[in-house]
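Chemist: Structure below; questions to follow.
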Amino acid sequence: MIRFENVTKIFSRGTIPAVSNLNIEIPEGTICCMVGPSGCGKTTSMKMVNRLHSITEGKIYIDEVDNSTIDPISLRLDIGYVIQEIGLFPHMTIADNVATVLVEKKWPKQEIGKRVDELLELMGLEPKIYRQRRPSHLSGGQRQRVGVARAMAANPPIMLMDEPFGAVDHIARVRLQNEFLTLQEKISKTIIFVTHDIDEAIKMGDMIAVMREGKLVQYSTPEDLLSTPADEFVANLVGGNRSIKRLHLIRVSEILNRKVATVNMSDTLEAAKKHVIENAFNVVYVVSDTGVLNGFIGKVELKQEGEFVKDVYRSYPEIISDEATLSDALSVMLSNGESYVPVVDDFEHPLGAVSLEDVFKAVRQDD
Amino acid sequence: MGASRFEFRDVWEYITSNQDYLIRLMIQHAHLVFFAIVLGVVIGITLGFLSAYYKPVAAVVLPFAQIMMTVPSIALIGILLPFVGLGFNNGLVALTLYSLLPIIRNTYTGLNEISPSILEAARGMGLSERRILWRIKLPLVLPVVFAGIRTAIVMIVGIGAIASYVGAGGLGDLIFRGIARMRPVMILTGAIFISIIAIFLDIIMGWIERKLIARQT
Ligand SMILES: Nc1ncnc2c1ncn2[C@@H]1O[C@H](COP(=O)(O)OP(=O)(O)OP(=O)(O)O)[C@@H](O)[C@H]1O
Ligand SMILES: [Mg+2]
């Protein structure tokens, strides 16, 4: 648990406070998203937790201990820290980057190696390939993964994340967000997550702290923020289309109820035909021997020359995971001009499909 | 053979007939340059780090090193006379002073150019200042410092010729004697040997420098 008690930060005397009289409590195992315009004091608030900034007035308690009484080095070793610029060490390999805190904590070499591989795998980076690479040989998204892995290395109960997914494009960001939320379900860290993207805050936060000019304007759940913004500033920040914003709050897995039949690559078209006719979208999924979704057969494909499924099937331009939000699903459908999108699990085995109609229904129910 | 006309064949002849003498001068030269660069590296890196960590030190050290470079070498040797007298020591001190600027400057700018986000990440993860120095700053600044050392070496191999003026020996002897006796063959031989040493060291240092950079990226 992290608790800010009347925390004020003044950088130099006479200037207006960067943070003034901040009071928030972040319960164990939850994500608190801090949002607000540039310069509103998000980063400053966060850096007072691990004492990168001193506190001018007030106290920050970590599990009921006043953090100013904890030695800064040992405090920081137990708090995961992800900075916006990522800040990977360019002269170290990915493995050494991830191991930074473990080395400081004097873990035995063997265990460090094991833990590093575990973390790389967790972050979707094949250890064999990436262990010995340098940060300069990674894509932006991969670097952010390494940054998060490095912060999580010693399994700290608390994480401070300053725009951790800021430096990547929208698609990569959505993927990182979804993966991180899935991970958080397992690891239940207490997290301060800074972002200036209200959509990201709504999606990631158990609680959202909206800040403006150093002051806390509203501290509430994403649902409350959307339904009852505290004032005009918050309302503007949340923006119009609040029911569309609510799409960020609902995971595909929560509304998924459409099953789609599957056929194997080696099945005959005749076998596929029956399923296509019965299905609401007039399709049947085509899966590999291992059950991975390879594509589909629809009415058009049925008319083509060929005897077997593998002769005529087409692959999907995009599929989504059941961890994705309805907003993700909607944008995939719109960008591909489809009325549905296939949903798969972590192993890309098909789970079903979500349709435009499903999305509309979910929003209407929510109203 | 006239006093001012010669052919390259004469240089070759001079070299082959004075091998022992030339080798002795070369060893003297290398000796001088070696000790000067060792001192320069130790002092230069120390001052570079101190300058990067403490602003007041930088305010004194950086201009001092800069001015040092503008003092003509002959004048510097003269200035040093009352302090260190004639001979090897005078040459050593002069060459050391010349080697300082590139080393100090590269250390200092190298340290200042480390991206603040790298340092903030290190600090935020719980590395102490001392650990940051060892694990982050030193390895990151190493190739830059090395480039400074390389510049310094090439430079003082050349300037080292002047040291012969105060009796520190080295290949400068050939040049000064050549001038005194109006024998261009000697002057040319001295110049050629100095250039060869400089180029040779530059190539070796360049190779090591590339290895260092390659290890980091
Ligand atoms: N080290 C510092 N010294 C003086 N003023 C600072 C310092 N760091 C931040 N400030 C000031 O404090 C205020 C809050 O800055 P902060 O970095 O916390 O904003 P932020 O909400 O993180 O903004 P952004 O979204 O741009 O990152 C700003 O006015 C900033 O200029
Ligand atoms: Mg910030």
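The values are calculated or read from the model by the stated rules, or taken from the named source; none is laboratory data. Being a predicted model, the structure only gives us computed values, none of them experimental. When we count neighbours, we look across all protein chains shown, and the Cβ atoms used for this are built from the backbone with ideal geometry, even at glycine. Each accessible area value is taken on the protein alone, full model and side chains, heavy atoms only, with ligands, DNA and RNA left out. Shrake-Rupley method; radii C 1.70, N 1.55, O 1.52, S 1.80 Å.
Chemist: Report the residue count in segment A:273-324 for those that are among the polar types (S, T, N, Q) and modelled with pLDDT under 90.
Modeler: 3
Chemist: If you don't mind, another one. Which of the following residues is assigned to a helix (DSSP H, G or I) and either touching a strand residue (DSSP E or B) at 6+ places or on another chain (Cβ under 9 Å) or modelled with pLDDT under 90 (or both): A:234, A:210?
Modeler: After applying the criteria, what remains is A:234.
Chemist: Search segment A:50-61 for residues being more than 16 Å from residue A:151 (Cβ to Cβ) and open to solvent by less than 40 Å² (accessible area, probe 1.4 Å), and hand back the single one that is nearest to the other protein chains (Cβ to nearest Cβ).
Modeler: Step by step, filter segment A:50-61, then rank; the result is A:60.
Chemist: Run down A:311, A:328 and say which single residue is open to solvent by less than 60 Å² (accessible area, probe 1.4 Å) and assigned to a helix (DSSP H, G or I).
Modeler: One residue alone meets the criteria, A:328.
Chemist: Anything in segment A:64-81 that is among the hydrophobic types (A, V, I, L, M, F, W, C) and within 11 Å of chain B (Cβ to nearest Cβ)? List them, or say none.
Modeler: Listed by number, the residues that qualify are A:73, A:75, A:77, A:79.
Chemist: Now for a separate question. In segment A:149-163, what residues are assigned to a helix (DSSP H, G or I) and within 12 Å of chain B (Cβ to nearest Cβ)?
Modeler: Passing the criteria: A:150, A:151, A:152.
Chemist: So is residue A:69 of a type in the set (Ser, Thr, Tyr) and within 30 Å of residue A:134 (Cβ to Cβ) or not?
Modeler: Judged against the criteria, residue A:69 is not a match.
Chemist: Something else now. Any residue at all in segment A:180-198 that's of a type in the set (Gly, Ala, Ser), surrounded by fewer than 21 Cβ atoms within 10 Å (Cβ to Cβ) and outside any helix (DSSP H, G or I)?
Modeler: So far as segment A:180-198 goes, yes, one or more of its residues are of a type in the set (Gly, Ala, Ser), surrounded by fewer than 21 Cβ atoms within 10 Å (Cβ to Cβ) and outside any helix (DSSP H, G or I).
Chemist: Taking the condition more than 16 Å from ligand 2 (Cβ to nearest atom), outside any strand (DSSP E or B) and buried (at least 16 other Cβ atoms within 10 Å of the Cβ), does residue A:202 pass?
Modeler: Judged against the criteria, residue A:202 is a match.
Chemist: Please specify each residue of segment B:33-73 satisfying the condition of being of a type in the set (Val, Ile, Thr) and either in contact with an Asp or Glu (Cβ under 9 Å, 6 or more places away or on another chain) or within 20 Å of residue B:165 (Cα to Cα) (or both).
Modeler: Residues satisfying the conditions are B:33, B:37, B:70, B:71.
Chemist: Only one of B:157, B:144 is touching a Leu at 6+ places or on another chain (Cβ under 7 Å) and either crowded, with 18+ Cβ neighbours inside 10 Å or within 14 Å of another protein chain (Cβ to nearest Cβ) (or both); which?
Modeler: B:157
Chemist: Could you pull out every one of the helices (runs of 4 or more DSSP H) wholly within segment B:48-140 that has 1 or more residues that are at pLDDT 90 or above and either more than 14 Å from chain A (Cβ to nearest Cβ) or open to solvent by 30 Å² or more (accessible area, probe 1.4 Å) (or both)?
Modeler: Hits in segment B:48-140: B:55-70, B:88-112, B:116-124, B:129-132.
Chemist: Here's something else I'd like to know. Just to be sure, is residue B:190 touching a residue at least 12 places away in the same chain (Cβ under 8 Å) and not in a helix (DSSP H, G or I)?
Modeler: Answer is no for this residue.
Chemist: If a residue counts only when it is touching a residue at least 40 places away in the same chain (Cβ under 8 Å) and either touching a Leu at 6+ places or on another chain (Cβ under 9 Å) or not assigned by TED's automatic domain parsing to the domain that holds residue A:162 (or both), which helices (runs of 4 or more DSSP H) contained entirely in segment A:49-123 have at least 2 such residues?
Modeler: It comes to A:94-104.
Residues checked against (1) crowded, with 21+ Cβ neighbours inside 10 Å; (2) within 16 Å of ligand 2 (Cβ to nearest atom); (3) within 14 Å of chain B (Cβ to nearest Cβ); (4) modelled with pLDDT of 95 or more:
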| position | (1), (2), (3), (4) |
| --- | --- |
| A:1 | no, no, no, no |
| A:10 | no, no, no, yes |
| A:48 | yes, yes, yes, yes |
| A:83 | yes, yes, yes, no |
| A:96 | no, no, yes, yes |
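Chemist: Could you list all residues from segment B:24-34 that are closer than 12 Å to residue B:160 by Cα, among the hydrophobic types (A, V, I, L, M, F, W, C) and surrounded by fewer than 21 Cβ atoms within 10 Å (Cβ to Cβ)?
Modeler: Scanning segment B:24-34 gives B:26, B:30, B:34.
Chemist: Does any residue in segment A:143-157 that is more than 11 Å from residue A:87 (Cα to Cα) come within less than 6 Å, Cβ to Cβ, of a residue that is of a type in the set (D, E, K, R) six or more places away or on a different chain, and which pairs are these?
Modeler: Taking only residues 6 or more apart or on different chains, the pairs are A:154/A:105; A:156/A:78.
Chemist: Do you know which of the residues in segment A:339-367 that are part of a loop (DSSP other than H, G, I, E, B) and over 24 Å from residue A:242 (Cα atoms) is least open to solvent (accessible area, probe 1.4 Å)?
Modeler: The extreme case among them is A:345.
Chemist: Here's something else I'd like to know. Report, ordered by the first and then the second residue, all pairs with beta carbons closer than 6 Å, sequence separation of six or more or different chains, a first member in segment B:170-181 that is under 20 Å from residue B:89 (Cα atoms), and a second member that is part of a helix (DSSP H, G or I) and aromatic (Phe, Trp, Tyr).
Modeler: Listed pairs, sorted by first residue: B:171/B:193.
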